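What follows draws every value from the coordinates through simple rules; no lab data is involved. All values derive from a computational prediction rather than experimental measurement. Heads up, the Cβs are rebuilt from the backbone with ideal geometry, glycines too, and the neighbour counts pull from every protein chain shown.
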Amino acid sequence: MWLPMYLEKQNEKEMKALGLKLKADDLYAANRPSIKDAICQFSGGCTGEIISPQGLLLTNHHCGFDAIQKHSTLEYNYVEDGFWAMSRADELPCPGETAMFISRMEDVTALALQNVTEAMGERDRQSQIDKNLAQIKVSTKKEKWEDILIRPFYNGNQFFLFVTVTYTDIRLVGAPPSSIGKFGADTDNWVWPRHTGDFSLFRVYADKDNRPAPFSADNQPLKPAHFLPISLDGVEEGDFTMVYGFPGRTDEYLPAAALRQAAEVTNPVRVDIRDKALKTMDRFMRNDPAIKITYISRFANIANAWKKWLGEMQGLQTYNAVAKKQEYEAEFIRRIGQKPDWKVRYNNLLPRLNQTYKDIEPYAEARDNYLETFMRNVQAMGVASGLSGWVKTFEDGNAAAFSSKIRDVSARVENDFTAYSPEVDKAVFTVLIERFAKTMRPEWGGAFVRGEAERLGGFDKLADYLYSGSVLTNADRWKALAAGDAGAFGKALSQDPVLAFWRGVSAPYQEQVVPKLQEHQTTLNLLQRQYMAAQMQVFKDKRLFPDANGTLRMTYGKVRGYSPRDAVRYEFRTHLDGVLEKYVPGDYEFDVPQKLIDLWKNKDYGRYATKDGRLPVAFLGTNHTTGGNSGSPALDARGNLVGLNFDRVWEGTMSDLNYDPAICRNIMVDARYILFIIDKYAGAGYLLQEMKLVKGKRK
């Protein structure tokens with residue numbers, strides 16, 4: 001995940017050897033148009049790219065899903081049926097969606113660390129850095145429509161400044177139905193082979209001067225400094241590809257002790273708790289269609305991280321990540337032993353890191369046990385946590401402060417009730433608190449839960465008592481109290497059994513676990529920063545890319561299949577034939593629109609088929625991606641868009657901690673499938689007229 005401004009110095013030679021036909025400054029240039037000008041961060045968490053001179057923006061279906069859902073009604077269900085604007089007038093405004101572009105980036109490390117000394121404590125160090133960053137922002141030249149973003153890199157050893165331009169008039173142009181855009185849904189999530197048309201289209205609008213502006217009927221489509229041509233040739237195995245985007249977070253430079261802890265301690269806790277929650281929800285969802293509709297989104301969100309952590313845990317173990325890190329650390333120790341000043345400075349770093357990870361381990365395990373049980377998987381407890389501070393204002397006698405927030409709080413809670421079943425939540429709670437009572441140390445909350453269960457006659461009886469008597473589990477009761485006397489409402493909440501239980505279990509955690517976590521984490525942050533600085537000095541012969549932190553990066557590799565285990569080999573590409581092989585009529589994950597079936601039966605693929613007459617859907621590459629790369633363009637050697645990144649293979653989800661090109665693969669929608677859906681399926685071929693479609697690979 002390389003910094004674009006250093007591609008010429010660090011990567012151009014290797015990229016050209018792999019097949020790149022462009023120069024580094026074609027990919028990133030500060031003073032002239034380049035490919036980076038077509039890449040944006042979409043709504044803060046995904047990537048998007050401009051694919052026409054008229055501001056047409058391409059990103060993933062799941063990145064645009066919130067906007068698609070907000071525009072959907074019973075009459076116009078764009079989630080189920082898809083949406084296609086057949087003219088500019090039909091494009092739908094999307095308040096809250098944004099497109100942030102990078103004008104330029106600068107290394108401001110020297111200024112950021114001015115007057116910072118090694119003798120400083122972490123708090124004083126950060127205070128000085130904050131002052132320096134504030135001064136940098138004031139003194140940096142920018143246009144009035146630009147913003148400044150400064151981020152730490154290499155664990156705070158370097159700092160880079162980004163001058164950004166953010167557009168807020170974003171309009172929905174097109175999206176396939178979920179049966180295409182989410183085909184495979186939870187079952188296929190994180191796995192290969194994949195057959196998902198995960199894309200959506202928006203348009204960026206600007207004022208008459210091509211500057212950011214709030215929504216206005218007078219705004220015009222953005223005239224980008226660069227837009228991406230789209231290749232009709234596609235890719236073949238071994239082709240060079242690169243992915244440009246805004247990856248969210250990786251931790252590639254942790255010590256072996258941290259990887260072992262993730263693989264053997266924290267991930268197993270998270271996976272086990274979510275596994276129990278998912279199985280409980282699934283049982284209800286299979287027996288009641290109404291509950292299935294209510295919980296489908298929540299189930300998917302919980303399952304997404306569960307599946308990722310499970311794959312990461314198994315990948316770290318299967319591919320000997322800890323042993324490989326230990327070999328790396330042995331080389332680190334060997335090198336520092338050859339230089340007396342390095343030995344004095346760095347000799348105790350790894351032992352101290354290892355000891356600190358050992359010290360924090362029981363608290364880290366308790367943290368995940370607590371958070372996964374009460375904050376992330378039991379809805380009533382999550383609501384109680386969010387209300388506790390507000391209710392305390394009433395208990396402290398501040399009736400005015402309590403009353404002033406009733407409307408806003410009530411609206412938020414009532415919205416939560418729209419996707420809630422007390423019966424399901426109670427069942428999840430019952431399963432998880434029994435596990436919590438058995439696994440959490442008594443003094444950290446385990447004894448409290450066991451005591452409450454024993455007092456009421458068991459975990460089932462405890463759940464019955466809490467859920468039958470709580471305002472937080474009954475939408476009608478909540479609405480009636482919220483609409484009535486504020487004093488009575490406050491009293492009911494202060495006496496609520498669910499809130500009382502949450503306070504009882506959270507008190508020992510907050511008092512005994514959190515302070516130790518903070519103490520050890522502060523030490524870890526200091527040691528990891530020092531260890532990162534040491535690696536950068538000791539391994540000067542290695543190119544150490546900075547971990548992802550939500551900023552613009554370039555990654556590159558080859559189109560490749562993979563072999564995850566003995567006698568199993570996955571090809572690099574999937575086809576529409578595979579969609580029909582998975583087709584299950586009426587199934588929310590694997591249903592297929594009749595029109596797509598008809599196009600397949602007639603082999604009506606137009607110019608989007610491969611040479612053997614099949615329609616490509618998705619393909620694999622060795623590009624290093626993570627969350628935030630959703631919607632990133634996959635580019636060929638000449639900078640043409642050949643695909644759209646949307647996922648990783650399950651066996652390679654460890655890539656956030658341990659990227660291994662032998663097994664880690666990113667998954668991309670083939671650009672030809674996107675064009676096929678727009679043109680042949682949706683009948684929105686007019687959109688292709690504003691794109692630049694290229695064919696014929698030049699030598």
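Fewest Cβ neighbours within 10 Å first, please rank ILE663, ILE39 accordingly.
Least to most surrounded, the residues fall as ILE663, ILE39.
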**Prompt:** Percent relative contact order of the stretch 32-231, based on C-alpha pairs within less than 8 angstrom and at least six residues apart?
**Reply:** 32
**Item:** Amide H within-cut-off set for SER43, under 5 Å, with H built and near neighbours excluded
**Value:** THR98, ALA99, MET100
**Prompt:** What lysines sit close enough to LYS141 to cross-link, taking a C-alpha to C-alpha distance under 21 Å and skipping anything fewer than 8 places away on the same chain?
**Reply:** LYS36, LYS131
**Asked** Any idea which of THR117, LEU615, VAL592 is furthest toward the positive side of the dipole for the chain, if Lys and Arg beta-carbons carry +1 and Asp and Glu beta-carbons -1?
**Response** THR117
**Request:** Among GLY469, VAL391, VAL431, flag the residue with its Cα farthest along the positive direction of the charge dipole of the stretch 256-532, charges on Cβ as +1 for Lys/Arg and -1 for Asp/Glu.
**Result:** VAL431
**Asked** To the nearest Å, what is the center-to-center distance of the stretch 309-345 and the stretch 1-77, using C-alpha atoms only?
**Response** 34
**Per-residue Cβ neighbour rank within 10 angstrom, fewest leading, SER297, SER179** = SER297, SER179
**Of the trypsin sites (Lys or Arg not before Pro) in the stretch 195-292, those whose Cβ has at most 15 other Cβ within 10 Å and which sit in DSSP loop** = LYS208, ARG249
**Message:** How many angstrom lie between the Cα centre of the stretch 169-231 and the Cα centre of the stretch 118-162?
**Reply:** 32
**Request:** Under 1.5 on a/c is rounded, so check that first for the stretch 352-420, then, if it is not, pick prolate when a/b is larger than b/c and oblate when it is not; a ≥ b ≥ c are the square roots of the alpha carbon gyration tensor eigenvalues.
**Result:** oblate
